[in-house]
1. Over the whole of A:232-238, what's the average partner chain Cβ count within 10 Å per residue? Rounded to a whole number, please.
2. Which shape class applies to the range B:1-98: rounded if a/c is under 1.5, otherwise prolate when a/b exceeds b/c and oblate if not, where a ≥ b ≥ c are the square roots of the Cα gyration tensor eigenvalues?
3. Once both axes come from the Cα atoms, what is the angle between helix B:328-344 and the longest principal axis of chain B, in degrees from 0 to 90, rounded to 10?
4. For A:Gly211, place a label point 7 Å out from Cα along the Cα→Cβ vector, do the same in each other copy, and report the separations in nm, one decimal, smallest first.
5. Order of A:His81, A:His189, B:His118 from fewest to most other C-beta atoms within 10 Å?
6. Scan around B:Lys55 for amide H atoms under 5 Å from its own, H built in the peptide plane at 1.01 Å from N, and keep only partners 5 or more places away or cross-chain.
7. Only sites in a loop by DSSP and with at most 10 other Cβ atoms within 10 Å count here; which GluC sites (Glu not before Pro) in the range A:1-52 make the cut?
8. Partner chain Cβ atoms within 10 Å, averaged over the residues of A:222-230 - can you pull that number for me?
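Only the coordinates and a few stated rules stand behind these numbers; no lab work does. As the structure is a computational prediction, the values presented were derived from the model and not from experiment. We place every Cβ from the backbone using ideal geometry, glycine too, and count neighbours over all the protein chains shown.
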2 protein chains.
Amino acid sequence: MNKVRLGIIGIGNMGSGHVESILDGKVPEIELAAVADLRESRRQWAEETLPENVKIFETAEELLDYSDMDAVLVAIPHYDHPKYVMEALKRGFHAMCEKPAGVYTKQVREMNEEAAKHDLVFGMMFNQRTNHIYRKMHELVNGGQYGAIKRVNWIITDWYRTQAYYNSGGWRATWDGEGGGVLLNQCPHNLDLIQWICGMPKSVQAFCHEGKWHDIEVEDDVTAYLEYPNGATGVFVTTTGDAPGTNRFEVDLEKAKIVCENEEIKVYELDVNEREYCYTATEGFKKPEGSWIDVETDGENLQHVGVLRAFAGAILRGEPLIAGGEEGINGLTLSNAMHLSSWLKRPVEIPFDEELFLEELNKKRAASRKKEHVNEITFNTKGSYGSGKA
Amino acid sequence: MNKVRLGIIGIGNMGSGHVESILDGKVPEIELAAVADLRESRRQWAEETLPENVKIFETAEELLDYSDMDAVLVAIPHYDHPKYVMEALKRGFHAMCEKPAGVYTKQVREMNEEAAKHDLVFGMMFNQRTNHIYRKMHELVNGGQYGAIKRVNWIITDWYRTQAYYNSGGWRATWDGEGGGVLLNQCPHNLDLIQWICGMPKSVQAFCHEGKWHDIEVEDDVTAYLEYPNGATGVFVTTTGDAPGTNRFEVDLEKAKIVCENEEIKVYELDVNEREYCYTATEGFKKPEGSWIDVETDGENLQHVGVLRAFAGAILRGEPLIAGGEEGINGLTLSNAMHLSSWLKRPVEIPFDEELFLEELNKKRAASRKKEHVNEITFNTKGSYGSGKA
């Protein structure tokens with residue numbers, strides 16, 4: 001095999017972006033084999049846009065029955081991610097899953113169990129892990145030279161969306177169609193990154209506000225308080241209602257403070273470990289000495305293209321993925337824990353009761369209101385995923 | 001009267017700072033009349049340092065019986081602030097109260113009621129209100145041109161203190177001596193400023209950690225979530241355990257984002273009100289246009305000296321105070337609400353049940369442990385109050 005022949009299920013905002021990257025030759029080792037979309041308008045777009053040798057199907061099932069492919073990318077509404085990833089794997093296709101891995105961890109756990117049975121490549125579309133800024137954060141925090149984490153604070157409020165965005169799809173921002181709001185749609189990246197860089201918290205208390213800034217039934221404003229196993233605390237704030245919004249990620253460690261904002265990382269390095277200084281200093285008001293140091297990154301930020309290239313490399317030559325599919329459950333665990341905590345108005349320990357979460361989610365789904373004023377649009381999302389931003 | 005003759009009760013860290021400002025001629029309209037301190041070592045310092053005509057007393061009562069004074073400044077451990085302010089007012093002295101106004105709002109309410117009976121000047125030592133940065137924040141947020149507040153986020157973690165600081169006084173950082181930790185000692189400034197600039201929240205849920213970074217029984221790490229009457233939300237994070245710490249205060253409004261960090265204010269001004277844009281824009285991923293604007297301040301930051309000068313001006317010529325004494329209850333209300341919320345592990349509505357707070361505080365006081373290893377020191381606190389810092 002020289003090239004990976006890929007089928008894409010769902011050619012909405014995300015799927016059509018991947019189609020374009022492949023047609024533009026940005027992922028040389030991937031060849032588009034087939035696409036599927038339930039919507040007539042999207043299939044028409046495909047007929048007008050795609051080379052003749054690319055098969056166009058209506059349903060995911062039809063696409064999965066097509067055998068002249070090596071891999072499948074699932075880019076449909078979140079609830080069905082695990083289902084079609086599992087179907088693809090069962091048919092012997094490698095699988096790439098759009099984020100989030102699913103809507104509830106129970107279904108994602110099943111997907112991971114299925115994946116473990118196959119010797120196939122399974123990846124998650126965590127494109128922000130390709131960002132040099134976050135890769136450097138991961139390296140700095142996990143390198144060990146700065147000791148344990150003491151505090152985490154991520155204000156990630158630059159996911160602005162208008163009401164028109166929410167009106168652009170019937171499934172969007174509904175409990176029954178999407179299973180959540182900003183936590184499920186925009187934040188999977190950040191929830192993956194915060195756990196990738198800082199590890200998983202042991203408990204979460206979140207305050208989710210539904211329809212605070214938009215006419216939607218799901219949350220568009222979240223403040224979450226986190227507690228880590230080592231006693232460190234954290235805050236995660238997000239919304240789709242702030243303009244211009246902020247993306248400021250601070251991690252305080254025993255020997256350094258790391259702040260990532262405006263596409264740069266600043267590191268204040270202490271000369272001594274603060275934990276030792278605290279108990280040995282004789283002055284009451286002094287601080288341990290230190291200084292701001294320069295941080296260099298490789299500047300590379302390949303985003304979705306990087307994830308797809310690595311996916312091809314993994315299939316063709318066993319190279320590492322950007323993010324393994326089985327890692328998708330971590331960020332979703334955070335998201336589910338935040339929702340559950342907010343619904344129950346109490347802190348939630350991780351791991352939480354997955355059945356209880358599903359029960360509560362299903363109550364929300366049962367009460368989900370049918371959207372009015374839907375104006376189906378596929379937006380060009382270029383530059384809308386914080387791709388160049390830290 | 002040309003000059004205000006001032007008596008200072010308590011010449012520890014704060015009181016001796018005021019003494020020095022006055023002796024250095026920085027407050028030309030105030031003359032030091034008397035000081036009082038229970039500690040032999042501090043009276044000895046006074047004997048060695050003060051001009052002969054300044055009376056030195058052991059107890060507050062002795063000082064208050066001295067009649068050749070116009071005003072009294074109370075700078076003793078927090079519990080007794082209201083008591084001696086009330087005693088001073090009853091004797092016809094103008095009064096300046098060190099922060100916090102007291103330890104629990106019930107006692108501060110009594111102090112305010114007493115003050116209302118007298119035609120005397122009553123001020124609070126909220127020296128950070130003199131800071132040009134915070135005055136400008138107050139002006140920008142309350143000027144009306146940017147619409148309603150949507151989000152508040154203050155990470156104020158640059159109150160670093162060593163264990164030696166906590167070992168320097170028996171009353172310090174105990175429930176019985178001080179009535180709290182970072183919220184009662186370091187944060188009264190910030191809690192006053194956040195309410196002065198953003199108004200009072202309607203509810204608070206806080207996560208206070210006691211002795212997390214130091215060997216003390218009170219809180220030295222706090223994360224609080226706030227909800228405002230108009231639906232805006234907020235986060236307030238503080239600690240004495242982070243080095244170098246952060247002081248970043250962000251306020252998001254309908255027409256602007258204001259960020260105050262590193263002694264400067266940055267304002268991003270939107271061309272339109274985001275609330276209107278959200279519902280009228282036809283694009284899903286676009287944001288309202290805007291730009292960063294220059295903000296100029298008068299650069300003045302007189303701190304304690306500014307508060308004392310204004311106090312003298314208020315007594316001599318009826319000029320405005322920096323902060324009226326009766327305003328001290330607001331920041332303390334926030335502090336008490338945060339403590340109560342953390343103790344009860346639930347959100348606390350404001351106004352809260354003051355009797356319940358006192359009951360819970362008294363449980364803490366009853367279980368307060370006697371400090372060992374106390375090494376009484378009076379520190380020179382110059383430059384330790386974030387005086388030049390935003």
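1. Shielding by partners across A:232-238 averages 4.
2. Rounded.
3. Roughly 70 degrees between the two axes.
4. 4.9
5. The order, fewest Cβ neighbours first, is B:His118, A:His189, A:His81.
6. Under 5 Å from the amide H of B:Lys55 lie the amide H atoms of B:Ala34, B:Val35, each far enough along the sequence or on another chain.
7. A:Glu52
8. 3
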